[in-house]
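Right, one structure below, let's go through it.
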């Protein structure tokens, strides 16, 4: 039975991946998470007692802890990252520390321990922005990040690539488009708009709302990562996407339609600096080499997601109130960021 170290496994995508591993595979999982604001232990309540699952609180920049954990695992799947663009614009320092320095610490520890596979989970934002008529991003598209967040992820991608070229480490990189689904932190577009609509509050839409994103249901993304982990060629990059381009304003209107709320709740606000206009992913490589493709229809996935937030008010109310962070402070006896 193989053991996988998952970093950032209490976050939105990481927790989906951990649940999938425990429920659908025979792998054991060690979940290393710092429990900063976007990490939530409640995301994994249903598998917390499984004998194949172990949670460790800690940061990926902690070289001693990371070295200890890497010595006992067969593979690393690296989700841990600061990931919110607006927060990176306000203060880029935590993004450089976690996303760049933390990734290098993890690479060093995995190499020293002889870890057999290292999957680095990245983002389509490292490619920059597309014009309306431009072809989708391919794995060979030059990196051109436009926000501090995207720049920090591009930096981590380059460190992973260097580990392959310099040391022959068995690394793989995935770059994915916008995810949606249950357990997504309320600052992101779909949960924010859903919760605001449920509460009758304005739905803030940047600029003209016509920024385009390629959307993928989180379960599909995680199955793509698993395919890369098990079958991908070391040293390669694999784009994962939903082949589902939507304007932000279209998403917002669909959420209001699903909830039966009026479009008068939409409130256009000043655009954020460096706001990429369009992302789109070419996923022919992963289809051809690994046999993976997204399976979830967008409308069905969005309805399922919106219903989850309707059914799990306590989950997001505790986040909005900060109650979950107070629990962590009591549990661990220290200040968390």
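General observations
- Complete set of residues in segment 110-140 that are assigned to a loop (DSSP other than H, G, I, E, B), closer than 22 Å to residue 231 by Cα and touching a residue at least 40 places away in the same chain (Cβ under 8 Å): 115, 116, 138, 139
- All positions within segment 46-78 that are touching a strand residue (DSSP E or B) at 6+ places or on another chain (Cβ under 8 Å), touching a residue at least 40 places away in the same chain (Cβ under 8 Å), part of a loop (DSSP other than H, G, I, E, B) and within 21 Å of residue 97 (Cβ to Cβ): 60
- Residue in segment 217-234 that is in a strand (DSSP E or B), touching a strand residue (DSSP E or B) at 6+ places or on another chain (Cβ under 8 Å) and either surrounded by fewer than 18 Cβ atoms within 10 Å (Cβ to Cβ) or in contact (Cβ under 8 Å) with a residue 40 or more places away in the chain (or both) present: yes
- Residue in segment 238-250 that is modelled with pLDDT of 95 or more and over 30 Å from residue 157 (Cα atoms) present: yes
- Which listed residue, of 143, 107, is farther than 27 Å from residue 298 by Cβ, in contact with a helix residue (DSSP H, G or I) (Cβ under 7 Å, 6 or more places away or on another chain), in a loop (DSSP other than H, G, I, E, B) and modelled with pLDDT of 95 or more: 143
- Qualifying residues in segment 264-278 (those that are under 15 Å from residue 210 (Cα atoms) and modelled with pLDDT under 90) - the one surrounded by the most Cβ atoms within 10 Å (Cβ to Cβ): 276
- Whichever residue in segment 24-45 is assigned to a helix (DSSP H, G or I) and in contact with a helix residue (DSSP H, G or I) (Cβ under 7 Å, 6 or more places away or on another chain) and, among such residues, is modelled with the lowest pLDDT: 42
- Conditions (1) in a loop (DSSP other than H, G, I, E, B); (2) surrounded by fewer than 23 Cβ atoms within 10 Å (Cβ to Cβ): number failed by residue 89: (1)
- Flag for residue 282 being surrounded by 17 or more Cβ atoms within 10 Å (Cβ to Cβ), within 21 Å of the chain's Cα centre (by Cα) and either under 21 Å from residue 131 (Cβ atoms) or modelled with pLDDT of 95 or more (or both): yes
- Failed item, numbered, when residue 261 is tested on (1) buried (at least 16 other Cβ atoms within 10 Å of the Cβ); (2) touching a helix residue (DSSP H, G or I) at 6+ places or on another chain (Cβ under 9 Å); (3) in a helix (DSSP H, G or I): (3)
- Of everything in segment 300-320 that is modelled with pLDDT under 95 and in contact with a helix residue (DSSP H, G or I) (Cβ under 7 Å, 6 or more places away or on another chain), the residue that is nearest to residue 44 (Cα to Cα) is 315.
- Options 111, 71, 57, 51: the member that is surrounded by fewer than 24 Cβ atoms within 10 Å (Cβ to Cβ), farther than 22 Å from residue 173 by Cα and more than 20 Å from the chain's Cα centre (by Cα): 51
The values are calculated or read from the model by the stated rules, or taken from the named source; none is laboratory data. Predicted model only: the values in this text are computed from it and were never measured. Note that each Cβ is placed from the backbone with ideal geometry, even for glycine, and that neighbours are counted across all protein chains shown.
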